[in-house]
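One structure is given here, and the rest of the page talks about it.
The values are calculated or read from the model by the stated rules, or taken from the named source; none is laboratory data. Nothing here was measured: the structure is a model prediction, and the numbers come from that model. Counting neighbours? That spans all protein chains shown, and the Cβs are built from the backbone with ideal geometry, glycine included.
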(Lines give C-alpha, C1' and ligand atoms only; values in the text may rest on other atoms or scores of the structure.)
Protein backbone atom coordinates (compact mmCIF):
# COMPACT_ATOMS: atom_id res chain seq x y z
CA UNK A 1 0.00 0.00 0.00
CA UNK A 2 1.50 3.34 -0.93
CA UNK A 3 2.00 6.25 1.45
CA UNK A 4 -0.75 8.40 -0.03
CA UNK A 5 -3.41 5.77 0.65
CA UNK A 6 -2.04 5.21 4.16
CA UNK A 7 -2.18 8.95 4.88
CA UNK A 8 -5.79 9.10 3.69
CA UNK A 9 -6.74 6.15 5.86
CA UNK A 10 -5.03 7.65 8.90
CA UNK A 11 -6.79 10.98 8.31
CA UNK A 12 -10.14 9.21 8.06
CA UNK A 13 -9.51 7.28 11.27
CA UNK A 14 -8.49 10.47 13.09
CA UNK A 15 -11.61 12.28 11.88
CA UNK A 16 -13.80 9.39 13.02
CA UNK A 17 -12.21 9.32 16.48
CA UNK A 18 -12.65 13.08 16.89
CA UNK A 19 -16.30 12.91 15.80
CA UNK A 20 -17.14 9.99 18.08
CA UNK A 21 -15.30 11.56 21.02
CA UNK A 22 -17.09 14.90 20.59
CA UNK A 23 -20.45 13.12 20.39
CA UNK A 24 -19.73 11.12 23.55
CA UNK A 25 -18.64 14.24 25.47
CA UNK A 26 -21.72 16.17 24.33
CA UNK A 27 -24.05 13.34 25.36
CA UNK A 28 -23.46 13.77 29.12
CA UNK A 29 -23.76 10.50 30.93
CA UNK A 30 -21.61 7.80 32.49
CA UNK A 31 -19.70 7.14 29.27
CA UNK A 32 -19.04 10.86 28.85
CA UNK A 33 -17.77 11.08 32.43
CA UNK A 34 -15.50 8.08 31.87
CA UNK A 35 -14.04 9.64 28.73
CA UNK A 36 -13.51 12.98 30.49
CA UNK A 37 -11.77 11.17 33.36
CA UNK A 38 -9.48 9.35 30.91
CA UNK A 39 -8.63 12.66 29.25
CA UNK A 40 -7.76 14.12 32.67
CA UNK A 41 -5.51 11.13 33.37
CA UNK A 42 -3.76 11.65 30.04
CA UNK A 43 -3.32 15.38 30.77
CA UNK A 44 -1.76 14.48 34.13
CA UNK A 45 0.56 12.00 32.41
CA UNK A 46 1.56 14.69 29.93
CA UNK A 47 2.62 16.96 32.79
CA UNK A 48 4.45 14.26 34.77
CA UNK A 49 8.25 14.30 34.80
CA UNK A 50 10.35 11.43 33.57
CA UNK A 51 8.49 10.80 30.33
CA UNK A 52 10.45 10.34 27.14
CA UNK A 53 9.95 12.69 24.22
CA UNK A 54 8.27 9.87 22.31
CA UNK A 55 5.84 9.09 25.17
CA UNK A 56 5.04 12.77 25.51
CA UNK A 57 4.37 13.14 21.77
CA UNK A 58 2.08 10.10 21.72
CA UNK A 59 0.14 11.27 24.78
CA UNK A 60 -0.21 14.75 23.26
CA UNK A 61 -1.64 13.35 20.02
CA UNK A 62 -4.06 11.03 21.86
CA UNK A 63 -5.38 13.96 23.91
CA UNK A 64 -5.86 16.03 20.75
CA UNK A 65 -7.86 13.17 19.21
CA UNK A 66 -10.02 12.46 22.25
CA UNK A 67 -10.58 16.08 23.24
CA UNK A 68 -10.95 17.96 19.94
CA UNK A 69 -12.92 20.82 21.50
CA UNK A 70 -9.95 22.04 23.55
CA UNK A 71 -7.22 23.48 21.36
CA UNK A 72 -4.07 22.72 23.31
CA UNK A 73 -3.50 19.73 25.62
CA UNK A 74 -0.88 21.75 27.51
CA UNK A 75 -3.52 24.26 28.60
CA UNK A 76 -5.45 23.42 31.78
CA UNK A 77 -9.21 22.99 31.71
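Among residues of region 43-64 being under 19 Å from residue 19 (Cβ atoms) and at pLDDT 90 or above, the one that is farthest from the chain's Cα centre (by Cα) is 61. Of all residues in region 26-44, those being under 16 Å from residue 65 (Cβ atoms) and outside any helix (DSSP H, G or I) number 0. Can you report the number of residues in region 46-59 which are touching a helix residue (DSSP H, G or I) at 6+ places or on another chain (Cβ under 9 Å) and under 16 Å from residue 70 (Cβ atoms)? Final tally of qualifying residues: 2.
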